[in-house]
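I have placed the structure first, in the form of structure tokens, so that the comments after it can refer back to it.
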Amino acid sequence: MNTDLIRFIDSISRDKAIDKESVFADLEAAIVSAARKHFGCDEEEEASASIDRQTGVIVATVAGKPIDMQSLGRIAAQTAKQVMIQRIREDERNSIFDEYSQQVGAVVTGTVTRYEGGGLTVNLGRVEAFMPRSEQIPGQMHHPGERIRGMILDVREETNQVRIVLTQTHPDYIRKLFELEVPEVAEKVIEVRALAREAGYRTKIAVSSIDMKVDPVGACVGVRGSRIRNIVDELGGEKIDIVRWNESSQVLISNALKPAEIKETFLCFELGRATVIVDEDQLSLAIGKRGQNVRLGARLTGWDIDILTPADYDRNMDGMERVLKVIDGVDDVLLDKLLAMGVISVGDVKSVGADPLINELGVEAELAKTMVEAANAAADGLAAEAAEAKRIEQESRQAMKAQLEAGGPLPAAESTESTAVAEATAPSPVEASPAETPAESPEAEAVNTPEPVVEVEVAEPVVEGVGAESESIKDEGLEEQPS
């Protein structure tokens, strides 16, 4: 009985996580290769080897004749060793690939070993994983020997190894951390319905509960914020907003734009856009730093979000009413129907087109066509006037800058009185949804600036959130000041 061989095979099988039968098959293949090498057998000559799984006794034959294993010599033994190592490495790679390919999407913990071109190499025990720079949280630094968590993003076989890619920036990484820290999420009592993330900065997550006795937001936050604090610490201080999911899109949008208070929300299904009305003092909260709050809210809800103040809303409505009211057949009832459909400006009428007016509102085809044509003409005219006003403003700024650089006195128009007059005659800011042109403000129709405006006051920019595929922040025009 060859107990040493049995113990050797058991050790390899246990250490490499390889099936014991595969190790026996590898050793038999190595013996056959050694016998062919020693006896100079060609491919047609039959050579075989078998190992008893219980006793470890080796029986090898060449051309039907048994051979003595001890007579093979050093060269044949070296051949057997190389074949054995190669086959075991292949089995180990297959074992690693099978194990980790089933864990894609799981959170694992490893030890940082080194940096390679900005990428991070993490030791997971049996294998080393790789975390590219693009999958690392911006601003975080790691050092060799540090314990680190990550989610397995991809497992693929390469020439000589299995490559495991880790991530800390994928939105599902947040979902997995909530499952680890919040038992109700792991038990499916609380469900993560939607999630939007800008890694390293902010995350919005919408949750709901199937148990009326369980508060989804409170359970995720934990006692005195203990649960959410652990997740925030794991993410290096990334802000996390937990909102309550609601089947109503209007309520969900209001929740998603917290902490801003929303006055009213209009949904336009034809454009896939939500127009949100907020007070002036809530505008900055709704927009967020660099538009982050509205951008994440749009991704969370799946709606393009256009944020307007009450003054902007009234201006758009007045412009649409002035353009459409001159058409026979357009009355206040039809305008109310347009508002209910989420159409609040001439740009919206242009973008929606005639078919929704006919199918949804029951407007006659000829009247719908006339309304769209009038909206197109008004929008084009306003766009041209806004472009001309912007050109005049730029020329005025350039002239003033050149005069200041030359060291000469400012032009007479730069006096206080003339400046006030210029501000009073400047065009008002233009509010536009994603489907509108920037010249849809009705006040732009009355703008007539025969002389260059020397100095104007730039209005606060209006930021518009967009859906998951795109985003836009639009700079607006000029704000009219009282003379």
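Being modelled with pLDDT under 90 and of a type in the set (Lys, Arg) is the filter; apply it to the stretch 222-262 and report the residue that is nearest to VAL182 (Cα to Cα). Ranking the qualifying residues of the stretch 222-262, first place goes to ARG224. Of the candidates ASN293, ASN316, the single residue that is in contact (Cβ under 8 Å) with a residue 12 or more places away in the chain, closer than 26 Å to GLY353 by Cα and assigned to a helix (DSSP H, G or I) is ASN316. Scanning the stretch 100-132 for residues that are touching a residue at least 40 places away in the same chain (Cβ under 8 Å) and of a type in the set (Phe, Trp, Tyr) yields a single hit, TYR100.
When GLY139 is tested against (1) of a type in the set (Gly, Ala, Ser); (2) touching a Gly at 6+ places or on another chain (Cβ under 7 Å); (3) at pLDDT 90 or above, just one condition goes unmet, and that condition is (3).
Looking at the stretch 251-272, is at least one residue among the β-branched types (Val, Ile, Thr), outside any strand (DSSP E or B) and surrounded by fewer than 20 Cβ atoms within 10 Å (Cβ to Cβ)?
Of all residues in the stretch 251-272, those among the β-branched types (Val, Ile, Thr) come to 251, 253, 262, 265.
So of that shortlist, the ones also outside any strand (DSSP E or B) come out as 251, 253, 262.
Still in the running and surrounded by fewer than 20 Cβ atoms within 10 Å (Cβ to Cβ): 251.
The answer is yes, given that some residue of the stretch 251-272 is among the β-branched types (Val, Ile, Thr), outside any strand (DSSP E or B) and surrounded by fewer than 20 Cβ atoms within 10 Å (Cβ to Cβ).
Of all residues in the stretch 105-128, those being over 24 Å from the mean Cα position of the chain (by Cα), small (Gly, Ala, Ser) and either surrounded by 15 or more Cβ atoms within 10 Å (Cβ to Cβ) or in a strand (DSSP E or B) (or both) number 1.
Filtered by the rule that a residue be exposed (fewer than 13 other Cβ atoms within 10 Å of the Cβ), acidic (Asp, Glu) and under 13 Å from ILE58 (Cα atoms), the stretch 1-28 gives a lone residue, ASP4.
Inside the stretch 173-199, can you point out the residues that are in a loop (DSSP other than H, G, I, E, B) and surrounded by fewer than 18 Cβ atoms within 10 Å (Cβ to Cβ)? Before you say what the answer is, go through the steps one by one.
Residues of the stretch 173-199 in a loop (DSSP other than H, G, I, E, B): 182, 187-189, 199.
Of everything in the stretch 173-199, those that are in a loop (DSSP other than H, G, I, E, B) and surrounded by fewer than 18 Cβ atoms within 10 Å (Cβ to Cβ) turn out to be GLU187, LYS188, VAL189.
Listed by position, the helices (runs of 4 or more DSSP H) contained in the stretch 324-373 that have at least 2 residues being of a type in the set (Gly, Ala, Ser) are 346-352.
Test LEU72 against the criterion of being in contact with a His (Cβ under 7 Å, 6 or more places away or on another chain), over 30 Å from ALA199 (Cα atoms) and not hydroxyl-bearing (Ser, Thr, Tyr), and give yes or no. Step through it out loud before you land on a result.
Details: in contact with a His (Cβ under 7 Å, 6 or more places away or on another chain): yes; over 30 Å from ALA199 (Cα atoms): yes; not hydroxyl-bearing (Ser, Thr, Tyr): yes.
So LEU72 passes the test.
Only one entry of SER284, SER226 meets the criterion of being within 30 Å of ASP336 (Cα to Cα) and part of a helix (DSSP H, G or I), and that entry is SER284. Scanning the stretch 133-172 for residues that are free of Cβ contacts under 8 Å to residues at least 60 places away in the same chain and of a type in the set (Gly, Ala, Ser), which turns out surrounded by the fewest Cβ atoms within 10 Å (Cβ to Cβ)? If we take residues in the stretch 133-172 being free of Cβ contacts under 8 Å to residues at least 60 places away in the same chain and of a type in the set (Gly, Ala, Ser), then GLY145 is surrounded by the fewest Cβ atoms within 10 Å (Cβ to Cβ).
Entry remark, the stretch 150-167: residues being in contact with a Phe, Trp or Tyr (Cβ under 9 Å, 6 or more places away or on another chain) and under 17 Å from ARG126 (Cα atoms) number 11 in total.
The values are calculated or read from the model by the stated rules, or taken from the named source; none is laboratory data. Predicted model, so just to flag it, every value in this text is computed and none were measured. Every residue, glycine as well, gets a Cβ built from its backbone with ideal geometry; the counts of neighbours run over all protein chains shown.
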